[in-house]
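The structure under discussion appears below in the form of structure tokens.
Laboratory data are not the source of any read-out in this text; all were calculated from the coordinates shown. Small disclaimer: the values here were computed from a predicted structure and weren't measured. Note that each Cβ is placed from the backbone with ideal geometry, even for glycine, and that neighbours are counted across all protein chains shown.
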Amino acid sequence: RWLAAGRASRRLVLVVVFVALLLDNMLLTVVVPIIPTFLYTTEYEGADSSVAPAQTEPASPALKAPPFSSMFSYFDNTTVIVSGSTNTTELANGTESSRLPQPPASSPPLPSGCPEGEEFLAKENVRVGLLFASKALVQLVFNPSVGLLTNRIGYHIPMFIGFIIMFVSTVMFAFSGTYTLLFIARALQGIGSSFSSVAGLGMLASVYTDDFERGNAMGIALGGLALGVLIGAPFGSVMYEFVGKSSPFLVLAFLALLDGALQLCILQPSKISPESTKGTPLFTLLRDPYILVAAGALCFSNMGVAMLEPTLPIWMMQTMCSPKWQLGMAFLPASISYLIGTNLFGILANKMGRWLCSLIGMAVVGISLLCVPLAKNIYGLIGPNGGLGFAIGMVDSSMMPIMGYLVDLRHTSVYGNVYAIADVAFCMGFAIGPSTGGAIVRAIGFPWLMIIIGVINIAYAPLCWYLRNPPAKEEKI
């Protein structure tokens with residue numbers, strides 16, 4: 001009886017979608033503080049520590065030469081010997097050589113001190129950006145086919161496939177020790193995410209047919225996404241600092257198993273349920289200017305936070321000398337305010353006008369991004385990141401229901417393809433953002449990156465006005 005009631009319940013469908021989005025986005029953000037420091041520790045410090053012991057004796061006297069005085073203003077007397085060379089390799093070797101003879105003097109500053117190897121960190125911006133972008137690029141490729149698949153066989157099977165792939169990806173993250181394996185795990189996550197998000201959002205749109213109810217349900221489901229983003233980065237940084245790299249991923253793998261059990265109970269993954277009416281083709285939807293405006297708003301607003309993910313931790317390591325646990329905590333204000341924004345504007349957006357809500361949201365995203373480089377420490381990031389999360393919550397909670405509404409108004413009410421487009425827009429932000437962000441930071445610096453993406457958001461915001469009163473197709477009227 002309980003299972004029969006569960007399968008008929010709209011709320012339990014909402015719970016399953018909420019948990020799936022929560023896990024996907026926890027995995028998305030849990031790696032943000034872990035990967036930059038993990039790669040730095042294993043590839044830069046690890047490589048140098050193997051070379052250093054052989055050179056300890058010759059390196060120390062050599063470093064006490066001319067560079068000593070030029071670096072005096074940056075370091076105190078105990079650490080001045082560490083950074084006395086312009087050559088990156090010598091610099092690292094010097095670090096090791098000074099660390100071995102005098103552990104009490106030079107060890108304490110290292111965890112909170114700025115990491116050495118400026119050139120390595122500059123290259124790492126690009127590599128970490130590509131690693132983060134790989135998930136979204138793969139998701140981008142798979143979304144259209146998943147949209148077509150859901151139109152043919154329903155939402156249950158794709159949802160369960162997404163869970164299986166996500167579980168495998170999470171376990172891979174836990175035990176991967178090289179850049180290549182981490183890259184494969186991230187790309188695999190993109191495939192699982194494509195199945196989960198397209199099938200999940202399409203399922204919600206088909207179960208909640210009333211526009212007002214659908215807006216509320218989408219707001220709650222996006223709250224799962226927000227909660228994942230909220231918990232992910234701080235949870236990852238604290239667990240990595242105090243327990244180890246594998247621990248956060250093993251916890252997520254356990255949660256994924258619980259989600260799979262919930263899906264088996266409620267969603268009947270063996271049941272094939274094709275749509276009774278034929279959905280509007282993907283390319284027809286892509287030619288609709290109103291759907292494109294909504295997709296563009298989703299893409300550019302999320303691109304801002306996507307560019308921050310790989311670049312902000314490295315910028316904090318270089319300029320604020322932040323310890324590991326702070327790298328994830330910096331994203332906490334954005335995540336909390338995103339959670340508040342999606343839940344608040346899931347209801348409010350319908351009353352004030354979703355077009356106006358997204359227009360204001362995009363303008364605030366731009367202003368918040370312009371303020372990020374002004375921060376001198378982690379406390380200076382609270383305001384800009386909080387504003388950024390709140391504004392992205394406004395845009396997401398307005399645009400996801402608008403996508404369903406536009407299909408109802410102007411096309412056939414089958415939602416697989418339109419939520420594939422929404423997810424593609426979301427993924428384009430998370431693909432273009434990190435992949436270009438790292439390269440732009442290396443070329444012109446982090447502050448200019450924030451100015452560029454901030455101005456793009458402010459310039460795009462007025463286009464949301466076109467969504468104020470979209471016309472219906474004649475046969476719909």
*asked:* Among 437-450, 302-315, how do they line up by average Cβ neighbours within 10 Å per residue, starting with the highest?
replied: 302-315, 437-450
*asked:* Run the simple label-point estimate for Leu12 and Leu148 please: 7 Å along Cα→C-beta, distance reported in nm.
replied: 3.4
*Given the C-alpha centroids of segment 383-417 and segment 179-248, what is the distance between them in whole angstrom?*
16
*asked:* Give me the one-decimal Kirkwood hydrodynamic radius in Å for segment 412-475, with the sum taken over alpha-carbon pairs.
replied: 14.7
*Gain on full stretching of the segment that runs from Phe212 to Asn377 - 0.36 nm per residue minus C-alpha separation*: 55.2 nm
*With r as the distance between the Cβ atoms of Leu181 and Ile444 and R0 = 35 Å, compute the FRET efficiency 1/(1 + (r/R0)^6) and round to 0.05.*
0.65
*Taking the Cα-to-Cβ direction at Val141 and at Asn469 and moving 7 Å from each Cα, how far apart do the two end points lie in nm?*
4.5
*Taking the mean number of other Cβ atoms within 10 Å as a proxy for protection, how do you rank 330-341, 161-172 from highest to lowest?*
330-341, 161-172
*Is segment 272-363 rounded, prolate or oblate when judged by the Cα gyration tensor, a ≥ b ≥ c being the square roots of its eigenvalues, rounded requiring a/c under 1.5 and prolate requiring a/b larger than b/c?*
prolate
